[in-house]
1. At A:Lys350 and B:Lys136, where each label point lies 7 Å from the Cα along Cα→Cβ, what is the point-to-point distance in nanometres?
2. Compute the relative contact order of the range A:121-180 as a whole-number percentage, counting only Cα pairs closer than 8 Å that sit 6 or more residues apart in sequence.
3. What is the calculated FRET efficiency for B:Asp113 to B:Asp39, with r their C-beta to C-beta distance and R₀ = 56 Å, to the nearest 0.05?
4. What are the residues whose amide H is under 5 Å from the amide H of B:Asn49, where those residues sit 5 or more places off or on another chain and H is modelled from the backbone?
5. Wrap a convex hull around the Cα atoms of the range B:1-106, take a quarter of its surface area, and give that in square nanometres.
6. Place a point 7 Å from the Cα of A:Arg148 along the Cα-to-Cβ direction; which residues of the range A:99-137 have their backbone N under 14 Å from it?
7. Past the 30 Å Cα-Cα mark, which pairs from A:Lys230/A:Lys333; A:Lys123/A:Lys234; B:Lys108/B:Lys333?
8. May I ask you to sort A:Thr81, B:Thr50 by Cβ crowding, counting other Cβ atoms within 10 Å and putting the fewest first?
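Just so it is clear, none of the values below were taken in a lab; they were calculated from the coordinates. Just so you know, these numbers come straight off a predicted model, no measurement behind them. Counting neighbours? That spans all protein chains shown, and the Cβs are built from the backbone with ideal geometry, glycine included.
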Number of protein chains: 2
Amino acid sequence: MFGPGSIVGILGGGQLGKMLAVAASRLGLEVHIYAPEPDAIARSVAKFNTVAAYDDAASLTAFAKVCDVVTYEFENVPAQTAAIAGENSALRPGALALEVAQDRLTEKTFLRDKAGVPVIGFKDVKSVFDLKRAGKEFGWPIILKTRRFGYDGKGQVKVDSEAGAQAAFDSLSGDLIAEAFAPFAREVSIVAARGLSGDFAAYPLIENLHRNHILHTSTCPTHSDKGVAKDMAKSIMDALDYVGVMATEFFQMDDGSLIINEIAPRVHNSGHLTQNAGCTDQFEQHIRAICGRPLGGAVPAHITQMTNLIGDDVAGLPALEADPAANIHLYGKGAPRPGRKMGHVNRIIKD
Amino acid sequence: MFGPGSIVGILGGGQLGKMLAVAASRLGLEVHIYAPEPDAIARSVAKFNTVAAYDDAASLTAFAKVCDVVTYEFENVPAQTAAIAGENSALRPGALALEVAQDRLTEKTFLRDKAGVPVIGFKDVKSVFDLKRAGKEFGWPIILKTRRFGYDGKGQVKVDSEAGAQAAFDSLSGDLIAEAFAPFAREVSIVAARGLSGDFAAYPLIENLHRNHILHTSTCPTHSDKGVAKDMAKSIMDALDYVGVMATEFFQMDDGSLIINEIAPRVHNSGHLTQNAGCTDQFEQHIRAICGRPLGGAVPAHITQMTNLIGDDVAGLPALEADPAANIHLYGKGAPRPGRKMGHVNRIIKD
């Protein structure tokens, strides 16, 4: 159990690392940021900093040795990086969560076979023939995705019919996976924490709206699902022997049923609203979990909504500042670029 | 108007500086801590740091020149320090607030004559004769205080009768002030912000309970006073042409009437509860004000109570962590010492 004065190492120095660092500081912990970018924004709120590549074994070893526990803010931490961190410190969540989350094929197979939760139909695609077969099996359209490194709609294409299969296949590189198209009514997520002793605490179901494949707003609590989504998230986290906060993204159908889209083994954009929900926020919850401390309360005091500030959205800052209901969170990034997450705003929308 | 990327300088590196730094980071600003202590706790969450004495003119000048605005976390910033900061940057709040707040005689005179607000009877004490005269004028008991550097009950003594005057006078050193004893029913405070254009936003009245002369709990909102306390705070802040957050401490009598005890030209322990009150917290409010930005909402979403963690109180951390209603804020100080503020806990006590 790591308490005040202990050092939390974070792989990655973006906004998630920054907000994790602030949460750690609020618990009296110190933070060490490891990232290749000298000007990573999380460094501003960390006591210790290492600037080195993720494949720099010597720097990684030195970093992990001085940290009581190491965590990460992104799921694409290389396996070898995770291994070195785990050998020289406590790595939480562990390497299995990374391995599963980094590859859509591994992920869906694990979710279906190990966690026993419903996933969309999927098929490994090594050729255009495989893609066409997926279309025949699941029906068109098919979503063709790269197995690795996809985010915010990047690395995926919707294939409407067999006629478009070749062009779609040629448009993506790397290992591919075909996924059945889910005619979902809405996208929802569960942000939950699992402690070192297996204790579990989930925030209520969150509804997520996307624009241009990027998360636009999240609202919590949303439609009740009788706890089914929480149970699924718990099954996954138990199967992973997970420690920390994890997000599970679902497609919810018109009849209320849920299919898991993907997991993110880290704090998650849809959980940012917990910062102003009147309970422990996801960043503190993650720090508590990885430090082996009891999880905090996860019952919001009111309905809270988060809106991302993407790219030029920050030009609306004066209006936001003039709105007494807007809780503003800016990340301190430089110039806005299209699609760049510059900050977010949380609002209590109902007591 | 200073926005994302601007640098906020803070004189002092304790818990108030630390929480100001976190609030600044949330607005995308960078922070520069100036303090003599190499291990000042606020440094952990600041991008820039200067370790130098407050009377080191060269270091102060260099510090102020690289900051867009300089503020302070304690009212005993030396006048010369403030002058150098003000010559080389924007100093907010200004030097007048420091001058007034540093000396109880100057403060009470200013409050009575310039701000036109009610203060307790007071008398400059240069001799035991002055003290006895105060007792005759106001009635015993009299509170004898040092004019400067008193805090948490230090530098003051209650004098029950003329017989005790000599011993009391001898027990304190430096310039002294005699204050009439206020038979108050409770102690309350107003934490309010005044912006660069004179805009004003006050949190509701806060009730404060002390133990051993140290703040123990604060609760907000408390008994209504029909806005009288807010009006008084505004009169004072207008008279000071104040920019930033200021606390005004009052004695409230049984009949509800208010007398001002003292002001603190900074964020204040009784305002910590705003961090979990569902509105803009006092730290962000201060940063907004000194950066010339609009003030945030100051209407709490619920009744919130803060309890300080003093000295060994932190031994109760496991129980606090197990309490889902406890919002824990630890400062990351080293070993607990009697009377040392180690952290605080905020609780929503009523929606």
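1. Computed distance between label sites A:Lys350 and B:Lys136 equals 7.1 nm.
2. Values: 110 pairs, mean separation 28.9, N = 60.
Answer for the range A:121-180 is 48 percent.
3. Taking R0 as 56 Å, the efficiency between B:Asp113 and B:Asp39 is 0.85.
4. For B:Asn49, whose amide H was placed from the backbone, the distant partners under 5 Å are B:Ile33.
5. Details: hull surface 24.5 nm².
Reported value for the Cα convex hull: 6.1 nm².
6. In the range A:99-137, the label zone of A:Arg148 (backbone N under 14 Å from the point 7 Å along Cα→Cβ) covers A:99-107.
7. Listed pairs above 30 Å: A:Lys230/A:Lys333; B:Lys108/B:Lys333.
8. On the way: A:Thr81 24, B:Thr50 20.
Going from least to most buried by this count: B:Thr50, A:Thr81.
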